[in-house]
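Take a look at the structure below.
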Number of protein chains: 4
Amino acid sequence: MIIVMKAGATKRERDEVIKKIKEYGYTPHIIHGTTRDVIGAVGDERGKVILQSIEFMNGVESVVPILKPYKLASREVKKETSVIKINDTVAIGGKDIIVMAGPCAVESEEQIIEVARVVKNAGAKVLRGGAFKPRTSPYAFQGMKEEGLRLLAKAREETGLPIITEVVNPETAELVAEYSDILQIGTRNAQNFELLKKLGQIQKPVLLKRGMSMTIQELLMSAEYILSEGNHAVILCERGIRTFETATRNTLDLSAIPVLKQKTHLPVVVDPSHATGNYHYVAPMSFAAIAAGADGLMVEVHPDPEHASSDGPQSLKPENFTAMMVKVRLFAEVAERSL
Amino acid sequence: MIIVMKAGATKRERDEVIKKIKEYGYTPHIIHGTTRDVIGAVGDERGKVILQSIEFMNGVESVVPILKPYKLASREVKKETSVIKINDTVAIGGKDIIVMAGPCAVESEEQIIEVARVVKNAGAKVLRGGAFKPRTSPYAFQGMKEEGLRLLAKAREETGLPIITEVVNPETAELVAEYSDILQIGTRNAQNFELLKKLGQIQKPVLLKRGMSMTIQELLMSAEYILSEGNHAVILCERGIRTFETATRNTLDLSAIPVLKQKTHLPVVVDPSHATGNYHYVAPMSFAAIAAGADGLMVEVHPDPEHASSDGPQSLKPENFTAMMVKVRLFAEVAERSL
Amino acid sequence: MIIVMKAGATKRERDEVIKKIKEYGYTPHIIHGTTRDVIGAVGDERGKVILQSIEFMNGVESVVPILKPYKLASREVKKETSVIKINDTVAIGGKDIIVMAGPCAVESEEQIIEVARVVKNAGAKVLRGGAFKPRTSPYAFQGMKEEGLRLLAKAREETGLPIITEVVNPETAELVAEYSDILQIGTRNAQNFELLKKLGQIQKPVLLKRGMSMTIQELLMSAEYILSEGNHAVILCERGIRTFETATRNTLDLSAIPVLKQKTHLPVVVDPSHATGNYHYVAPMSFAAIAAGADGLMVEVHPDPEHASSDGPQSLKPENFTAMMVKVRLFAEVAERSL
Amino acid sequence: MIIVMKAGATKRERDEVIKKIKEYGYTPHIIHGTTRDVIGAVGDERGKVILQSIEFMNGVESVVPILKPYKLASREVKKETSVIKINDTVAIGGKDIIVMAGPCAVESEEQIIEVARVVKNAGAKVLRGGAFKPRTSPYAFQGMKEEGLRLLAKAREETGLPIITEVVNPETAELVAEYSDILQIGTRNAQNFELLKKLGQIQKPVLLKRGMSMTIQELLMSAEYILSEGNHAVILCERGIRTFETATRNTLDLSAIPVLKQKTHLPVVVDPSHATGNYHYVAPMSFAAIAAGADGLMVEVHPDPEHASSDGPQSLKPENFTAMMVKVRLFAEVAERSL
């Protein structure tokens, strides 16, 4: 931690800061600058947020942290990329690019099994489908709940595809974990710390979506919540951030892929469907995600998007998904990955 | 709902749209434009999100909703501003401006009682203090939990001030409701719909903070979740949105006050402490909030901000809070309000 | 400047950094941390942007500047607030709050003289009006140009009000300066550095609007362009930044007022008309700006907003402006200012 | 244009709106809804911004435009993608992906010629280099100006590569046009309408960078300024938008590629260097841009980034650029393009 003193700070103010630094167990180092002094505080500053109170002291201009506030998620702590095992044949973070596909919401047995077969044939390795649906409007369809989980499990039985579905609160986390192979945390719950802690205590892979207004560092802090409770199987998902642009529902931040690859060992997947909100843009953004180094994709596919109970406009029809996957495979090869 | 057809849409495409509109129970009206057709669909479109699937149809350029997606929160439905009764003497939304003040986190009996006395003397009408703390870092202080609630209740006993504290998950909602006079939903939970529904079922006033990346319309949708479950005592709180500017922690969107006053009957308060993240800016932003028409303020006050267990840099010292309140009263008078 | 080395940086990498620091004329100070080294580089780092190339060196994690990149605009360099003299009776930055009012665009002699009289009677001290109009659409009204300047001058003759109008390119800067008392730089030109330099060479007060996506620090850098060319009469104007919120045209960042007051000696005014884009919100935001410490306001007033050639929806009618000014005066008094 | 009336609007208010619509030469169509009326105004609404004044009328809730405000840039007006010819062998917008590469700023004859050779050998088709440099700080290097243009021309002579360089104001536009094959408009000038008009009058291809806070629609409006002056050779460039994320300098909005491809016939290139501000992220983002459908790239290459006079940290070394181009070619092939 570096403490920058104000230009006109007095010796007494500086001494107070040094005293406080020592109280907290750090070793101070003073650098006398041309217009102001700078004090380095040596010691492991993580977890000691109390140090921010130094910002409050007289004569202090600003305090600059040196260490990243996350530890277990950091590539400094674990150099090799984590490979998260989903079942005996599927793992995320290895050479294989994993495509997770399916409808936004499970609507019926027929629908989910039909989609499961289609996406499997096209090369998807995981079936997605919402049973508990967090919706912006209280008047919108809220999901089939446990019945939806049962239908997902049936689709897994039929096709062998592992399933991913969203957990919306701590109470139903264990119920969802009984059925689902991957537990998804949605964008609106990405800083629901109670939910993060709960999933940290369940030994199932977690897919953590980036919150709409979360920085990459905050995403890693949310991952740290899960990791620090003992669950190390965390997959990060970029799904668009909120910006002033309205031509797409959110702005897909593909730069987050190389940034995350540099900072963390956790695998990174991309959800182009929710990011763009428009099925026309899903294929190009999927190709781009693979080219940028993503470990997987999460794509909405619906047999009849016009009658979907949620998010129809962003869902691909089966034939479009199948066509897209042909090119995803080619891009994956250039990226030295397999599908 | 207005459906704008593409410039080159065929008659068949248009007919398909009209057919679909009728299926959903709307009455279609076609307007033949110079370059394209526009179709009006008459009927109550709220709750029928399925209509968005029309966007997906061939020949459709865009679909423009006419009705606001919220109903109970709307000023069209209820013209007069809601006055939310907190106890026998305190109500929010009436002529009185209500200042809620206290520390970010309850730390000890001594601390919370001292602050309660200070803020009461200065003119605050509600005591705030966090018992359950949602923190970005898992390594940061997470609050005193139930013990914190007991200390808040003790401070109420001592001073007569009603209390407000945050609820972080549905499980502990009833516990918090036993102690607290107002239930606060924090910015990171503003779209935690499970929590919103839960608080909609408890008959206690709820203060709903705007999420960092929520539009004003989405804030009203979250309020609608609480209202539609039967709890009509909702207070909205502007606390800064996330923008590119880093000189303040968030950007306090004071324009939200007149916008909300126009669109909803619910009272609106402002939290300048979390918005700016810097105690220097709390007083000017408090004055501005009152001038802009806010019904109240929520301000952090700590007897010893340098040793606060959370958010020290944004907390006012008691003497600064007291000085600020003198001017808040004067600004309130010009705004034709009382303190 | 502080250079943070990577956790595993070698001694050789560190030595290379130290060598480079010395080459640039700085004195290095090494702090050996628990997990990494930190190097302080002592010397005046302003203008030496070349130092950023250190970020590029092997073993370097990040480089943290200590000094602000602006000098002349900084309150460290000049402690007392600058009072910018407009004419013999009007100055901005002193005890008087200066309200600048008038139509978005000058449309006719009758219109501008009528508005000038109205705003003068209500208490405005400066007449605003656009002669050269930068418009998002090439098909929109682009202003009356030199004829507009002549009409503004005539309105000044009639009423004694000094005038402010926008300069849109370096070529016409001197022409505008012949007529206008204050030269305005619009939001879209706030980083048009050629224009800033040009106005730095003309000895007339400049009102610099914040760019829609400019940080406060960048606004001060743009001011520095004008100041460093020799023109010290710069007035800053907050007029809303671009965010995801669409209920207002831009998001008025009133926190910028106390932030700027802390960082710079230059006066700060607020334009609530362009920020909100809606005349309903102009009065509350004007009151809030005064309460937050603004030195002035810039408000659009039009005798017949329904027929305005630009920005009608955000213009106040004369009677609304007059009513608003009554309350502006009261808020100004509480803020210990006069009108 | 659709006018939505308020729920309680009177018949008289509605009649006033209809009268006004007719005055402007539109044909009104009334749709009687369940809670309010909606009025369609038929006619070509482009250029008639005056219509926005209807928003101001009593009883009007909102006005929704139907037509896009741009015409010449629209794919509705011109279906086939424009291919912009640069010289006898290079064109942008056709099957070939065009890579423009070179240093941020021209620094010396030796530097620019060395880079020109390197990038040509690696497959670049255009040499980029700044002669006039718009810099945020007045104390930063502002470019070699005309001498820089001469050196660029020399590099063209040596290598045969056409050149692109930035124009910073209308005065020097013709000077730059004498030397340069493509005229670049930088992000800070993307709404400098005087400059746009000037370049619309010069018959040279223009590369228009998206402003940091411009929507895609506004980018097309700026293009419309150039097109409407008679210059149809406009290339659009996505270079990152300003968001809350700070891990990259800006957020590269790759979704803008498919959106623009849908809305306009103009070619689209991507600048990953300025967008990310970090050379580590340039290659993955280049690959992603090609995969998403970009027509070209604009990449910074510097023989000695550590000693670059501007933007060193985002410049690729020659060997990294060459390595990147090998993979760019492979991604281009999968995208059914050639390099």
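The values are calculated or read from the model by the stated rules, or taken from the named source; none is laboratory data. Please read these numbers as outputs of a predicted model, since none were measured by experiment. We place every Cβ from the backbone using ideal geometry, glycine too, and count neighbours over all the protein chains shown.
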message = Considering only the stretch B:248-265, I want to know if a residue exists there that is basic (K, R) and in contact with a Gly (Cβ under 7 Å, 6 or more places away or on another chain).
response = yes
remark   = Selection from the stretch B:63-97 of residues within 19 Å of B:S222 (Cβ to Cβ), touching a strand residue (DSSP E or B) at 6+ places or on another chain (Cβ under 7 Å) and either assigned to a strand (DSSP E or B) or within 14 Å of chain D (Cβ to nearest Cβ) (or both) yields B:K68, B:S74, B:R75, B:I84, B:I92
ask   = Among (1) out of contact with any strand residue (DSSP E or B) (no Cβ under 9 Å at 6 or more places or on another chain); (2) within 20 Å of C:D37 (Cα to Cα); (3) at pLDDT below 85; (4) within 14 Å of chain B (Cβ to nearest Cβ), which single condition is A:G25 missing?
value = (4)
inquiry  = For the condition closer than 17 Å to B:I98 by Cβ and more than 10 Å from chain C (Cβ to nearest Cβ), what is the one hit in B:E319, B:E300?
reply    = B:E300
key: Candidate set from the stretch A:271-285 (those that are free of Cβ contacts under 8 Å to residues at least 40 places away in the same chain and among the polar types (S, T, N, Q)); member that is nearest to the other protein chains (Cβ to nearest Cβ)   = A:T276
Filtered residue count, the stretch D:102-143, keeping only those that are hydrophobic (A, V, I, L, M, F, W, C), in a loop (DSSP other than H, G, I, E, B) and within 26 Å of D:L330 (Cβ to Cβ) = 1
Condition check for A:V119: touching a residue at least 12 places away in the same chain (Cβ under 8 Å), more than 29 Å from B:S222 (Cα to Cα) and touching a helix residue (DSSP H, G or I) at 6+ places or on another chain (Cβ under 8 Å) = yes
query = Does C:A288 fit the bill of being in contact (Cβ under 8 Å) with a residue 24 or more places away in the chain and within 14 Å of chain B (Cβ to nearest Cβ)?
reply = yes
note = Within the stretch A:176-195, the count of residues that are farther than 15 Å from A:G240 by Cα, touching a residue at least 24 places away in the same chain (Cβ under 8 Å) and at the interface with another protein chain (Cβ under 8 Å from one of its Cβ atoms) comes to 4
remark   = Only unsatisfied item for B:N58, checking (1) outside any helix (DSSP H, G or I); (2) within 11 Å of chain A (Cβ to nearest Cβ); (3) under 25 Å from D:H32 (Cβ atoms), is (3)
Some residue of the stretch A:140-149 being within 14 Å of chain B (Cβ to nearest Cβ), without any contact (Cβ under 8 Å) to a residue 40 or more places away in the chain and either surrounded by fewer than 23 Cβ atoms within 10 Å (Cβ to Cβ) or among the hydrophobic types (A, V, I, L, M, F, W, C) (or both) = yes
note = How many residues of the stretch B:83-103 are buried (at least 19 other Cβ atoms within 10 Å of the Cβ) and either at pLDDT below 95 or of a type outside the set (A, V, I, L, M, F, W, C) (or both)? The answer is 3
ask   = When D:A289 is evaluated against the numbered criteria (1) touching a strand residue (DSSP E or B) at 6+ places or on another chain (Cβ under 9 Å); (2) of a type outside the set (K, R); (3) farther than 23 Å from D:V118 by Cβ, which criterion, by number, is the only one it fails?
value = (3)
note = Picking from D:K78, D:K11, the residue that is touching a Leu at 6+ places or on another chain (Cβ under 9 Å), surrounded by fewer than 17 Cβ atoms within 10 Å (Cβ to Cβ) and either polar (S, T, N, Q) or modelled with pLDDT of 90 or more (or both) would be D:K78
key: Residue in the stretch C:206-224 that is farthest from the other protein chains (Cβ to nearest Cβ), counting only those that are touching a residue at least 12 places away in the same chain (Cβ under 8 Å) and out of contact with any Leu (no Cβ under 9 Å at 6 or more places or on another chain)   = C:M214
query = Hey, any hits in the stretch A:263-270 for a residue that's at the interface with another protein chain (Cβ under 7 Å from one of its Cβ atoms) and more than 23 Å from A:P134 (Cβ to Cβ)?
reply = no
key: Hits in the stretch B:211-230 (condition: in a loop (DSSP other than H, G, I, E, B) and closer than 25 Å to A:T187 by Cβ)   = B:G211, B:M212, B:S213, B:M214, B:T215, B:E229
message = If I ask for residues that are among the small types (G, A, S) and part of a loop (DSSP other than H, G, I, E, B), which ones from the stretch C:149-185 would you list?
response = C:G160, C:S180
ask   = With (1) farther than 24 Å from C:L67 by Cα; (2) touching a residue at least 60 places away in the same chain (Cβ under 8 Å); (3) touching a strand residue (DSSP E or B) at 6+ places or on another chain (Cβ under 7 Å); (4) within 12 Å of chain D (Cβ to nearest Cβ) as the list, and C:L227 as the residue in question, which single condition is left unmet?
value = (1)
remark   = Within the stretch C:164-194, the residues that are within 17 Å of C:I86 (Cα to Cα) and among the polar types (S, T, N, Q) are C:T165, C:S180, C:Q184
message = Could you go through the stretch C:39-50 and let me know if any residue there is touching a strand residue (DSSP E or B) at 6+ places or on another chain (Cβ under 7 Å), assigned to a loop (DSSP other than H, G, I, E, B), of a type in the set (A, V, I, L, M, F, W, C) and within 25 Å of A:G8 (Cβ to Cβ).
response = no
remark   = Going through the stretch C:267-303 in order, the residues found to be surrounded by fewer than 24 Cβ atoms within 10 Å (Cβ to Cβ) and either hydrophobic (A, V, I, L, M, F, W, C) or not assigned by TED's automatic domain parsing to the domain that holds C:T243 (or both) are C:A283
ask   = Can C:I31 be described as touching a strand residue (DSSP E or B) at 6+ places or on another chain (Cβ under 7 Å) and either outside any strand (DSSP E or B) or modelled with pLDDT under 80 (or both)?
value = no
message = Condition first: more than 8 Å from every other protein chain (Cβ to nearest Cβ) and more than 20 Å from A:G93 (Cα to Cα). Now tell me which residues in the stretch A:230-252 satisfy that.
response = A:G240, A:R249, A:N250
query = Which of the following residues is among the β-branched types (V, I, T), buried (at least 24 other Cβ atoms within 10 Å of the Cβ) and over 15 Å from the mean Cα position of the chain (by Cα): D:T243, D:T264, D:T248?
reply = D:T243
task = Kindly establish whether C:M324 is at negative phi and away from chain B (no Cβ under 13 Å).
result = no
task = Among the candidates B:R188, B:R150, single out the residue that is under 14 Å from the mean Cα position of the chain (by Cα) and either among the basic types (K, R) or outside the structural domain of B:H232 (by TED's automatic domain parsing) (or both).
result = B:R188
